[in-house]
Amino acid sequence: MSDAELMTIGRFARLTGLSIHTLRHYDDVSLLIPAHTDPQTGYRRYGRDQIRLAHLIRELRWIDLPIEEIRQVLTDPGQAGPVLAGHRRRLRRTHGLLTARIDNVDRLLEKGFTMSAPPSGCRPVQITIAVDDLTASIAFYQAAFDLRYEVVRRTDDTDHSAFMFGEYGQDGFFLLHLSADPADTDRPGPTTFGLLVDDLDARHSRALAAGATEVVAPRDRQGMPRSAAVRDPSGNWIWLYQG
């Protein structure tokens with residue numbers, strides 16, 4: 001291709017919608033290399049056959065596809081599907097994070113800021129129990145005890161959920177985590193914990209109906225509130241105490 005058939009970087013920028021600064025950057029990272037670069041002046045010139053490629057790169061960058069993944073698509077078009085599918089998952093994740101942040105802003109606008117006094121000393125705020133089937137265990141605790149399973153921590157990659165009692169920073173706040181991953185370093189063995197319930201006999205019956213096994217039938221014990229114990233489907237003991 002002769003010099004007469006090449007165009008300056010300024011004209012190429014106008015035809016492709018990419019800025020001169022961006023074209024220089026794409027050359028530096030070897031994503032869109034000019035057809036010719038003058039070794040003396042460093043002037044870049046582009047061919048008309050590069051316009052279509054520039055348009056494709058611009059479109060992929062508009063959807064925020066990382067340069068390295070654009071390079072992967074250009075090198076191996078057969079990878080376009082998997083690459084875009086993975087990028088779509090990231091965008092959906094970002095959308096979820098932004099939605100959660102907007103919800104938090106709306107809550108602050110509606111309820112204002114709560115400046116709770118830090119508690120003196122310390123108190124327990126969470127427990128983790130091992131379960132065999134996460135989905136089934138979530139359904140069990142919701143059906144038996146009406147617990148709130150919701151997101152308690154967000155990262156760029158995923159949401160972390162737990163059963164939440166109360167509100168963070170307030171008296172009564174507590175988290176009950178479920179761990180179904182055998183490789184989780186935080187995963188304990190069978191666990192025993194207690195719940196204060198509004199109606200012991202009714203909750204005990206609901207737990208059995210939801211799939212629990214009775215360990216101790218409802219009973220009255222000296223010096224203690226009325227209590228009972230069940231075993232959840234994963235073998236964890238749950239003591240129930242009359243509130």
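The values are calculated or read from the model by the stated rules, or taken from the named source; none is laboratory data. No experiment lies behind these values; they were computed from the predicted model shown. In this analysis, Cβ positions are derived from the backbone assuming ideal geometry, glycine residues included, and neighbour counts consider all displayed protein chains. SASA here: full protein model, heavy atoms, side chains in, ligands and nucleic acids out. Shrake-Rupley method; radii C 1.70, N 1.55, O 1.52, S 1.80 Å.
Rounded, prolate or oblate: which one fits segment 171-218, using the alpha carbon gyration tensor with axes a ≥ b ≥ c (rounded when a/c is under 1.5, else prolate when a/b beats b/c, else oblate)? Present the calculation step by step, with values, prior to reporting the outcome.
Values: a/c = 2.65, a/b = 1.54, b/c = 1.73.
Verdict is oblate for segment 171-218.
Rounded, prolate or oblate: which one fits segment 52-180, using the alpha carbon gyration tensor with axes a ≥ b ≥ c (rounded when a/c is under 1.5, else prolate when a/b beats b/c, else oblate)? Working shown, then result.
Details: a/c = 3.36, a/b = 1.94, b/c = 1.74.
The shape class here is prolate.
Would you mind getting me the FRET efficiency between R107 and D132? Use the beta-carbon distance for r and R0 = 35 Å, nearest 0.05.
Calculated transfer efficiency: 0.50.
Relative to the Cα centre, the charge distribution of segment 78-188, modelled as +1 at Lys and Arg Cβ and -1 at Asp and Glu Cβ, gives a dipole magnitude of about 460 debye.
Tally Lys/Arg at +1 and Asp/Glu at -1 over every other residue whose Cβ is under 15 Å from the Cβ of P82; what's the total? Spell out each step's value before the answer.
Values: positive: R71, R88, R89, R90; negative: E68, E69, D76.
Local net charge: +1.
Across Y141, Y43, Y241, Y168, the residue with the most accessible area heads the list, and the full order at a 1.4 Å probe is Y168, Y43, Y241, Y141.
For segment 10-69, the per residue solvent-accessible surface stands at 65 Å², with DNA, RNA and ligands left out and a 1.4 Å probe. For the chain, the carbon plus sulfur part of the accessible surface works out to 52%, probe radius 1.4 Å.
Return the label of the correct value of Rg/Rh (Cα atoms, Kirkwood Rh), as calculated from the structure shown, out of (1) 1.26; (2) 0.93; (3) 1.12. Here Rg/Rh (Cα atoms, Kirkwood Rh) agrees with entry (1). Ranked from largest to smallest solvent-accessible area, with a 1.4 Å probe on the protein heavy atoms, R148, R24, R101, R71 come out as R101, R24, R148, R71. With respect to the chain, whose longest principal axis is taken over its alpha-carbon atoms, helix 200-210 is tilted by about 50°. Working note: Karplus 6.51/-1.76/1.60 with θ = phi - 60° gives segment 226-231 the couplings 4, 9, 7, 9, 10, 10 Hz, where Gly and Pro are set to x. Here's how it looks for V215: its modeled amide H is under 5 Å from those of A229, V230, R231, which are all 5 or more places away or on a different chain. Solvent exposure of segment 195-243, expressed per residue, is 52 Å² of accessible area, with all protein chains present and a 1.4 angstrom probe.
When a/c is below 1.5 the answer is rounded, else prolate if a/b is larger than b/c, else oblate, so apply that to segment 7-53 with a ≥ b ≥ c taken from the square roots of the Cα gyration tensor eigenvalues.
Working: a/c = 1.45, a/b = 1.27, b/c = 1.14.
Since a/c stays below 1.5, the shape of segment 7-53 is classed as rounded.
Calculate how steeply helix 80-111 sits against the longest principal axis of the alpha-carbon atoms of the chain, using the helix alpha-carbon long axis, and give the answer as 0 to 90 degrees to the nearest 10. Value to nearest ten degrees: 60.
Helix 134-145 versus the longest principal axis of the chain: what is the Cα-based angle in degrees, 0 to 90, to the nearest 10? With rounding to tens, the tilt is 40 degrees.
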